[in-house]
1. From B:V43, B:V105, grab the single residue that is outside any helix (DSSP H, G or I), among the β-branched types (V, I, T) and buried (at least 17 other Cβ atoms within 10 Å of the Cβ).
2. Does A:V95 qualify as being away from DNA strand D (no atom under 16 Å from the Cβ), in contact (Cβ under 8 Å) with a residue 24 or more places away in the chain and exposed (fewer than 14 other Cβ atoms within 10 Å of the Cβ)?
3. Which residues, taken from the stretch A:5-58, are in contact with a Phe, Trp or Tyr (Cβ under 7 Å, 6 or more places away or on another chain) and within 7 Å of DNA strand C (Cβ to nearest atom)?
4. Would you confirm whether or not the stretch B:12-25 contains a residue that is in a loop (DSSP other than H, G, I, E, B), aliphatic (A, V, I, L, M) and either exposed (fewer than 14 other Cβ atoms within 10 Å of the Cβ) or touching a helix residue (DSSP H, G or I) at 6+ places or on another chain (Cβ under 9 Å) (or both)?
5. Of these, B:I184, B:I160, which one is in contact with a Phe, Trp or Tyr (Cβ under 9 Å, 6 or more places away or on another chain), at the interface with chain A (Cβ under 8 Å from one of its Cβ atoms), modelled with pLDDT of 95 or more and outside any loop (DSSP other than H, G, I, E, B)?
6. With the checklist (1) within 12 Å of chain B (Cβ to nearest Cβ); (2) touching a Lys or Arg at 6+ places or on another chain (Cβ under 9 Å) in hand, flag the one item A:E133 doesn't pass.
7. Select from the stretch A:120-179 the residues that are charged (D, E, K, R) and farther than 27 Å from A:E65 by Cα and list them in ascending order.
8. Among the listed residues B:E36, B:E68, B:E40, B:E82, identify the single one that is at pLDDT 95 or above and under 21 Å from B:T156 (Cα atoms).
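The values are calculated or read from the model by the stated rules, or taken from the named source; none is laboratory data. Fair warning: this is a prediction, and the values are worked out from it, not measured in the lab. Here the Cβ is made from the backbone with ideal geometry for all residues, glycine too, and neighbour counts use every protein chain on show.
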Protein chains: 2
Amino acid sequence: MARKIGSHAEITGPAIREAALRLFARSGYAAVSMREIASEVGVRAGALYLYTPDKQTLLFDLMREHLEGLLAAWREARSGIEPVERLECFVQFHVDYHIDRRDAVFLAYMELRNLTDENFAIIEALRREYESELEAILSEGHKSGAFRLADVRVTTMAVIAMLTGVNTWFSEEGRLSRERVQRIYLNLTRRMVKA
Amino acid sequence: MARKIGSHAEITGPAIREAALRLFARSGYAAVSMREIASEVGVRAGALYLYTPDKQTLLFDLMREHLEGLLAAWREARSGIEPVERLECFVQFHVDYHIDRRDAVFLAYMELRNLTDENFAIIEALRREYESELEAILSEGHKSGAFRLADVRVTTMAVIAMLTGVNTWFSEEGRLSRERVQRIYLNLTRRMVKA
DNA sequence: GGTTGAAATGAACGAATGTTCAGATACAAC
DNA sequence: GTTGTATCTGAACATTCGTTCATTTCAACC
C-alpha cells in the first residue's frame, strides 16, 4: 500500500500556485523570482522544485488550469439552456467568472509572450475554443434571424473584449453592484446583436 | 554658436526608442535586457546611457509619449466637429490610431505594473484624461437625449475596451479591410448608445 | 594636420537570476 | 525508540542583469 503523502505537501503545493498567481499577476512573470514566491509561501527557493520542474511550467500550468476551468465551467453553465437564451447566459457567466478570477484572467492574457512556443500553442488553442463558444451562439442567432450582425467574427471579438474589460475597472466596493454591472453589460450586448 | 550635434546621435536616439518599443512589446519590459536593445540598434550596451538615464526612464518615456501623442492627435481630430458627430469621429480615430500603433498601445497597457509609483501616477492620469474625452461625449449625448445609456461611465469603459480590442485580432492582410472594420465597430458603437 | 569633443567601446562592478544537490529535519510507521 | 522517507534547507553553480567609466574612435572645425 502506498505511503500516506507527507502532511506538508497537501498545503505547500496549492500555496505555491496561489502565491505564484498573485505575484505573477501583480508584477509580471519575468519580474518575479523563485525566491520571492518561496518567501511568500514561507519556504526556501529549493523547495519549490519539489512541486514544479521549473518556473516556465509553473506559469504554464496556471494558465492552462485557468482556461480549462473556464471552459469546463461554461459548458456546465450552458447545459440545458435553450440556444435563444444562451447569449444572456454567456454574458452573465463571463462577467461573473472573470470578476472572481482577476489574477488568473490577467495572467492568461498578459503572459502569453513568456510562454515557450509549444506551451503558447496549447494555451492559444484553449482560448480559441472558448471564443468559438460565443461565436457559435452568435452564428446560430444570426442564421435564425434572432440577431442581425454585420460580421459574426468581429462581433464575437467585440463582445468578448467589452466583457473582459470589466476587470480593468470593477471593484466590489465600488459604486455599482456586481448584479447591476452584469445587467448593464447584458443590455449593451443585447443592443450589439439586436435584430 | 552651438556645435553641430554629432552625426550619430541624430540616428541612434530614435533608433533606440524604436527598438526598445518593439522589444518591450514583444517580450515584456523585464524580459528585455539593455544588451538586447543595444544589439538591435547595432551598438553596445554602454552607449544606451548617452540617450537615457536608465531602463525605467526609457519605458516611461515610451509610454508617456504614446499617451501624449494620442491625446494631442485626438484633440486635433475632434476640433471643428459638432458634438453630435463627435462619437463617430472618436470611433474612427481610436480604431485608426490604435491599429497604427500596436506596439505602443500594447506597451502602455501591459507594462503599467513595471513603472515606479511616481511614473505610474503620471501615465494613469493621461489614460484617464483620454477616457474622459469619450465619457464627455457620451455624457453630453445622454443629457441631450441623443443617446440613451444605462450608465455613462460603464458605457465609456465598455466602448473603449471593445474598440481597443481590435488590436488583438486585426491584421492588415486579413479578411477585412481597415475601413470595413472601422464601419463595423462604428455600427456596434451606435447600437450601444442608441436612443 | 592638429585640436576638440561627442559618440561609442570594452571591461568591469556587485547584485540577482534559475536551478541543483548533499545534507539536515521532521514525522508517520513499526 | 528506531527506521524510512517525504520535505526542506543552505550553500553553491554558472549566467545574466543594469550600470559605470576610463579609454578609444572619428568627424568637424581652425
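1. On the way: B:V105 fails: outside any helix (DSSP H, G or I).
None of the others qualify; the one that does is B:V43.
2. Numbers: away from DNA strand D (no atom under 16 Å from the Cβ): yes; in contact (Cβ under 8 Å) with a residue 24 or more places away in the chain: yes; exposed (fewer than 14 other Cβ atoms within 10 Å of the Cβ): no.
Judged against the criteria, A:V95 is not a match.
3. The first filter runs over the stretch A:5-58 and keeps only residues in contact with a Phe, Trp or Tyr (Cβ under 7 Å, 6 or more places away or on another chain), leaving A:12-13, A:16, A:25, A:32.
Across the stretch A:5-58, the qualifying residue is only A:V32.
4. Quick first cut of the stretch B:12-25, residues in a loop (DSSP other than H, G, I, E, B) only: none.
Scanning the stretch B:12-25, I find no residue that is in a loop (DSSP other than H, G, I, E, B), aliphatic (A, V, I, L, M) and either exposed (fewer than 14 other Cβ atoms within 10 Å of the Cβ) or touching a helix residue (DSSP H, G or I) at 6+ places or on another chain (Cβ under 9 Å) (or both), so the answer is no.
5. Working: B:I184 fails: in contact with a Phe, Trp or Tyr (Cβ under 9 Å, 6 or more places away or on another chain).
It is B:I160.
6. Of (1) within 12 Å of chain B (Cβ to nearest Cβ); (2) touching a Lys or Arg at 6+ places or on another chain (Cβ under 9 Å), only one is false for A:E133: (1).
7. Quick first cut of the stretch A:120-179, residues charged (D, E, K, R) only: A:124, A:127-129, A:131, A:133, A:135, A:140, A:143, A:148, A:151, A:153, A:172-173, A:175, A:178-179.
A:E140, A:K143, A:R148, A:D151, A:E173, A:R175 - these are the residues of the stretch A:120-179 that are charged (D, E, K, R) and farther than 27 Å from A:E65 by Cα.
8. On the way: B:E36 fails: under 21 Å from B:T156 (Cα atoms); B:E40 fails: under 21 Å from B:T156 (Cα atoms); B:E82 fails: at pLDDT 95 or above.
Answer to the check: B:E68.
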